[in-house]
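Trainee: Please see the structure below; I have some questions.
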């Protein structure tokens, strides 16, 4: 199959799954495996990282009015009850640091797990069960709902969500959005507030992670091979990368708009079931 078609297909997969709680990393790896792409191929590993940035760039555009309001009201907030430490912008950065620090320290562990379909399948199943249980407790009213809006979040909630997001870096298949949404609900956030904060947190997390991994791929440390290989890019490689980037951006924008509306009316159970079924299928094929 031509690289441009592969780039188009993978861009669609990334755009569809980046913001849904189903793990874009697992879907990309599974798709690459089904399409005959070696999971340890340096170029396609870099490709998967860069097109994630294409999807992430939809968020500043979609939430441009919310972000502008946050900037305009810093540090007191819209209601005048925030401080420089409890303003939503600060809480996003606090959560980001709580994710980035342990993830950076465990980079070698993360690298070892990236190609493991067994870990991805297991993470899909476990994450699906966790999501199902948390959403069921939320629906029954067993979980407190003290935080209806992001503007009401506490510093403790941000730290907790940031630490939980680390799981998605350590174990591909966990899903950033799944870990942050479930973590938010467990500490009293509404579905919409947990989802919105998950989106805001994705911006610095994925931009920094993408740039860092891309830099490592092109500039190995002290002559050592980088985690995704030292690449020699051709014009065809750059065109395929551009196709994947643009397609993931366009598709992801539509998904964000749809998902925000869905969450206001429905729960996450359908996504939990999907994760469990997909994860079980991956494990079955892996051990078959």
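Trainee: Working carefully through the options 55, 103, find the one that is touching a helix residue (DSSP H, G or I) at 6+ places or on another chain (Cβ under 6 Å), crowded, with 18+ Cβ neighbours inside 10 Å, over 26 Å from residue 277 (Cα atoms) and in contact (Cβ under 8 Å) with a residue 40 or more places away in the chain. Break it down into steps so the answer makes sense when it comes.
Mentor: On the way: 55 fails: over 26 Å from residue 277 (Cα atoms).
Going through 55, 103 in turn, just one is touching a helix residue (DSSP H, G or I) at 6+ places or on another chain (Cβ under 6 Å), crowded, with 18+ Cβ neighbours inside 10 Å, over 26 Å from residue 277 (Cα atoms) and in contact (Cβ under 8 Å) with a residue 40 or more places away in the chain: 103.
Trainee: Can I ask one more? Go through (1) part of a helix (DSSP H, G or I); (2) closer than 20 Å to residue 103 by Cβ; (3) modelled with pLDDT under 90 for residue 201 and report which single condition fails.
Mentor: (3)
Trainee: How about the stretch 139-156: which of its residues are touching a strand residue (DSSP E or B) at 6+ places or on another chain (Cβ under 7 Å) and part of a loop (DSSP other than H, G, I, E, B)?
Mentor: 153
Trainee: With 209, 144 as the choices, which residue is within 18 Å of residue 17 (Cα to Cα), surrounded by fewer than 23 Cβ atoms within 10 Å (Cβ to Cβ), out of contact with any helix residue (DSSP H, G or I) (no Cβ under 6 Å at 6 or more places or on another chain) and at pLDDT below 85? I'd like the intermediate steps shown before the answer.
Mentor: Working: 144 fails: within 18 Å of residue 17 (Cα to Cα).
Of the residues listed, the single one that is within 18 Å of residue 17 (Cα to Cα), surrounded by fewer than 23 Cβ atoms within 10 Å (Cβ to Cβ), out of contact with any helix residue (DSSP H, G or I) (no Cβ under 6 Å at 6 or more places or on another chain) and at pLDDT below 85 is 209.
Trainee: While we're on this one: Against the conditions (1) under 28 Å from residue 186 (Cα atoms); (2) touching a helix residue (DSSP H, G or I) at 6+ places or on another chain (Cβ under 7 Å), where does residue 87 fall short? Just the number, please.
Mentor: In the conditions (1) under 28 Å from residue 186 (Cα atoms); (2) touching a helix residue (DSSP H, G or I) at 6+ places or on another chain (Cβ under 7 Å), residue 87 misses (2) alone.
Trainee: Identify, by number, the condition in (1) surrounded by 19 or more Cβ atoms within 10 Å (Cβ to Cβ); (2) closer than 21 Å to residue 263 by Cβ that residue 121 doesn't meet.
Mentor: So residue 121 meets the others, but not (2).
The values are calculated or read from the model by the stated rules, or taken from the named source; none is laboratory data. Keep in mind that what you see is a predicted model, and the values were worked out from it rather than measured. All Cβ positions, glycine included, derive from the backbone under ideal geometry; neighbour counts span all protein chains shown.
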